[in-house]
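Okay, so here's the structure we're looking at.
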Amino acid sequence: MTRAIRLEFRKMRRLRTIPVVAALVIAVALLSSVWQFSSSTQNTFDDPSEVPWASFLLTYTLMAAMTSPLLTAVIASRQTDIEHSGAGWTLAATAGYTPGALCRAKLAALALILLPATAVQTLLVIGAGLVAGMHVPTDIGPWLGYTVWLYLINTAFCALHIWLAAQVENQLVSVGLGMLGAFLAVFSLFMPPAVTRLIPWGYYAVITHITQDGDGFAYTTPQYAWPLAFLVVATAAFALGTRRLNSIER
């Protein structure tokens, strides 16, 4: 498996996966931060009762929900499409890698990319708040918790799109599903929790650490059992799906 992961990183250099991820990380950070530099927003920076970091985290949550499904779809599709276009499945089989094992190696490699990308994305957003002049102490706990769960949910959807991209040769299907997922993820933030939990992309809303408190916002602790159950189901589905890929002739 270690050798297969190294091979995936070599493919990433050809596909320019890291520049694509970096560009989207910077875009999310900019979209999440631009509002902080307005004069009306900066008036709340010195007032702890306004909980400025909470409203900032809400904006970040919205932007991440809008872009993360598309990010995972694009990088997973690109990483898998190369096998379709270059007879990669056959070449991998001659090297002793089944399609299922190859997909698992792709997930491991992309997960290693998403980990620092998600962390840097959050740090850029927090840094923008400090540059804008937010003097209220940063609430590290909710930001850290959201970042960890965002990474885990992104990895789960990356697994989904790797399997789908391997199953269906037309990559427009995977990317199109990612675009639909982005739409559903954003609107899930405004749906009742009972409905949100029924939508896979709704878990971008389930992991939010912000809630409406009257006319303002306040921190909240998500019900971790739900996203944890989602991750368990996603892991089992990916394991089963990649195992079934081995029985498909390519």
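The values are calculated or read from the model by the stated rules, or taken from the named source; none is laboratory data. Worth saying up front: this structure is predicted, and the values here are computed from it rather than measured. Backbone-built Cβ (ideal geometry, glycine too); neighbour counts: all protein chains shown.
Give me the pairs, please: first residue somewhere in the stretch 217-237 and closer than 16 Å to residue 199 by Cβ, second residue anywhere and at pLDDT 90 or above and among the basic types (Lys, Arg), beta-carbon distance under 7 Å, and either six or more positions apart or on two chains.
Qualifying pairs under 7 Å: 226/197.
Residue by residue, here is whether (1) within 22 Å of residue 165 (Cα to Cα); (2) within 18 Å of the chain's Cα centre (by Cα); (3) outside any helix (DSSP H, G or I); (4) at pLDDT 85 or above holds:
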residue: 7; (1), (2), (3), (4): yes, no, no, no
residue: 40; (1), (2), (3), (4): no, no, no, no
residue: 57; (1), (2), (3), (4): no, yes, no, yes
residue: 61; (1), (2), (3), (4): no, yes, no, yes
residue: 69; (1), (2), (3), (4): yes, yes, no, yes
residue: 78; (1), (2), (3), (4): yes, yes, no, yes
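If you take the residues in the stretch 193-237 that are touching a helix residue (DSSP H, G or I) at 6+ places or on another chain (Cβ under 7 Å) and over 24 Å from residue 141 (Cβ atoms), which one is surrounded by the most Cβ atoms within 10 Å (Cβ to Cβ)?
Among them, the one singled out is 201.
Working carefully through the options 217, 230, find the one that is touching a Phe, Trp or Tyr at 6+ places or on another chain (Cβ under 7 Å) and among the aromatic types (Phe, Trp, Tyr).
230
Exactly one condition in (1) in a loop (DSSP other than H, G, I, E, B); (2) over 19 Å from the mean Cα position of the chain (by Cα); (3) at pLDDT 90 or above is false for residue 208; which is it?
Single failed check for residue 208: (2).
Of all residues being among the aliphatic types (A, V, I, L, M) and in a helix (DSSP H, G or I) in the stretch 134-149, which is nearest to the chain's Cα centre (by Cα)? Just the residue, please.
Step by step, filter the stretch 134-149, then rank; the result is 148.
Pairs needed: first member in the stretch 110-134, free of Cβ contacts under 8 Å to residues at least 40 places away in the same chain; second member anywhere, of a type outside the set (A, V, I, L, M) and not in a helix (DSSP H, G or I); C-beta distance under 7 Å; at least 6 residues apart or different chains.
Qualifying pairs under 7 Å: 126/138.
Select from the stretch 1-12 the residues that are charged (D, E, K, R) and closer than 12 Å to residue 82 by Cβ and write down the one among them that is surrounded by the most Cβ atoms within 10 Å (Cβ to Cβ).
Filtering the stretch 1-12 for residues that are charged (D, E, K, R) and closer than 12 Å to residue 82 by Cβ, the one surrounded by the most Cβ atoms within 10 Å (Cβ to Cβ) comes out as 8.
Checking the condition at pLDDT 95 or above, of a type outside the set (Lys, Arg), assigned to a helix (DSSP H, G or I) and out of contact with any strand residue (DSSP E or B) (no Cβ under 7 Å at 6 or more places or on another chain), which residue from 177, 152, 164 passes?
The match here is 152.
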